[in-house]
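Take a look at the structure below.
The values are calculated or read from the model by the stated rules, or taken from the named source; none is laboratory data. Bear in mind the structure is a predicted one, so any value in this text is a computation, not a measurement. Neighbour counts are summed over all protein chains in view; Cβ atoms, including those assigned to glycine, are modelled from backbone coordinates with ideal geometry. The area values use the complete protein model at the heavy-atom level, side chains included, leaving out ligands, DNA and RNA. Shrake-Rupley method; radii C 1.70, N 1.55, O 1.52, S 1.80 Å.
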Amino acid sequence: MVDLVLEAPARGKPPQHLLDMSRSERRDAMAELGLPAFRADQVSTHLFVHLQDDPDTWTDINATDRTTLRSVLPTLLDPIRTVACDDGTTVKSLFRLHDGSLVESVLMRYPDRVTMCISSQAGCGMNCPFCATGQAGLTRNLSTAEIVDQVLAGARALAAGEVPGGPGRVSNVVFMGMGEPLANYRNVVGALHRLVDPPLEGLGMSARGITVSTVGLVPRIRQLADEGMPVTLAVSLHAPDDHLRDTLVPINNRWKVSEVLDATWFYVEQTGRRASIEYALIKDINDQRWRAELLGEMLAGHLVHVNLIPLNPTPGSKWTASTPQAEREFVAALREAGVPVTVRDTRGREIDGACGQLAALEA
Ligand code: SAH
């Protein structure tokens, strides 16, 4: 029997933060603190527009009110390690949360965009055997504010010119750090709202720049399709057949490949967004030509794109990445089937960029 954790343990609940709340909830919070409602929008301007999270710099708010506000602006992420590579344009951060849990985020600057890869849970309960995060199990869900603050931390560093290439903005966010985002549905949807809702309500990012990656929690995929936020859905398939996927992505024992793909096509239909199929190429495990052909058959004709990821072996793993030859053949078979495919670049590999590796080292 596989041991899957769909419900996170309740311990370690993080302190309430204004980033957990919608604009109207932030106004209500002001009333509870005995502050005028307009303070909420002033704070939102500092957080989302000026990207300034230190109340001491908020000179449009008097010192007494700034002190009062601190009770709903607790420090959520304590940066305990930062590592950079690619001439400083890839920056991985390890944060300690209020209860000692560790989470990671990665900022990747490209000539035309900045992508942040963020975590939705401390640890993960999905138990995929090739993933570093999966090995340690689930600690807890992140709060909405803990998720959003990872993006804001990167946005602040960029705005302050701390990343080579001059001041910049975060254009893309991918939920491909630690955790299964759809197993922390409520807080992730809250975070999506904070990211895409227009300024003062939220950060005003484009939904098309945001990708939610999932092992395939079928009912949650369908629910997300109806949230009215057309973010990109990425599905971690890794095998086209149930026999193999049952072991590579153990939740497949609950929802089969055909059910996951049906939900994916429903998502595509509802949102009009092209879906992404994630497929980590593992030498002699899932990289055979027949599997590429089967995958091509299943995907052909749909609004979908395959993202092949050369396996980043976790410490002690018996598996390695496919050979360049096998990778080329896999790509060719998908192209022959008429399915668009790219091979993901492997940024940050030398800084343990793969899912969960920095936290695993620290722990
Ligand atoms: N739980 C979500 C998101 C986090 S992982 C999900 O599974 O989709 C983001 C992606 O990285 C997933 O496709 C995951 O399968 C993949 N991944 C995890 N460990 C990997 C490794 N060692 N090498 C390559 N890809 C990996």
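For region 138-159, the criterion of a residue being part of a loop (DSSP other than H, G, I, E, B) and open to solvent by 20 Å² or more (accessible area, probe 1.4 Å) is satisfied by no position. Screening 358, 281 for residues that are modelled with pLDDT of 95 or more and under 30 Å from residue 138 (Cα atoms) leaves exactly one candidate, 281.
Contact map, region 238-265: residues that are under 12 Å from residue 285 (Cβ atoms) paired with residues that are hydrophobic (A, V, I, L, M, F, W, C) and assigned to a loop (DSSP other than H, G, I, E, B), Cβ distance under 7 Å, separation 6+ or inter-chain. Pairs shown: 238/249; 245/239; 248/128; 248/130; 248/239. Scanning region 326-338 for residues that are closer than 16 Å to residue 305 by Cβ and either outside the structural domain of residue 305 (by TED's automatic domain parsing) or open to solvent by 80 Å² or more (accessible area, probe 1.4 Å) (or both) yields 335, 336. When 254, 245, 194, 273 are checked against the criterion of being charged (D, E, K, R), crowded, with 19+ Cβ neighbours inside 10 Å and either more than 13 Å from the ligand (Cβ to nearest atom) or closer than 23 Å to residue 48 by Cα (or both), 194 stands alone in meeting it.
Scanning region 294-325 for residues that are away from the ligand (no atom under 12 Å from the Cβ) and either open to solvent by less than 20 Å² (accessible area, probe 1.4 Å) or under 26 Å from residue 212 (Cα atoms) (or both) gives 294, 295, 296, 297, 298, 299, 300, 301, 302, 303, 304, 305.
Okay, residues lined up against (1) more than 16 Å from the ligand (Cβ to nearest atom); (2) in contact with a Lys or Arg (Cβ under 6 Å, 6 or more places away or on another chain):
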residue	(1), (2)
111	yes, no
119	no, no
126	no, no
132	no, no
143	yes, no
155	yes, no
172	no, yes
177	no, no
188	no, no
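Could you please let me know if residue 264 is within 16 Å of the ligand (Cβ to nearest atom) and over 20 Å from the mean Cα position of the chain (by Cα)? Considered against the rule, which asks whether it is within 16 Å of the ligand (Cβ to nearest atom) and over 20 Å from the mean Cα position of the chain (by Cα), residue 264 comes out as no. For residues that are open to solvent by 50 Å² or more (accessible area, probe 1.4 Å) and in contact (Cβ under 8 Å) with a residue 24 or more places away in the chain, scanning just region 34-51, find the one that is farthest from residue 153 (Cα to Cα). Among those residues, the one meeting the criterion is 34. On the stretch given as region 210-235, residues that are out of contact with any helix residue (DSSP H, G or I) (no Cβ under 9 Å at 6 or more places or on another chain) and either open to solvent by less than 10 Å² (accessible area, probe 1.4 Å) or closer than 21 Å to residue 287 by Cα (or both) total 1. For region 96-117, the condition of being surrounded by 18 or more Cβ atoms within 10 Å (Cβ to Cβ), closer than 27 Å to residue 37 by Cα and of a type outside the set (S, T, N, Q) holds for none of the residues.
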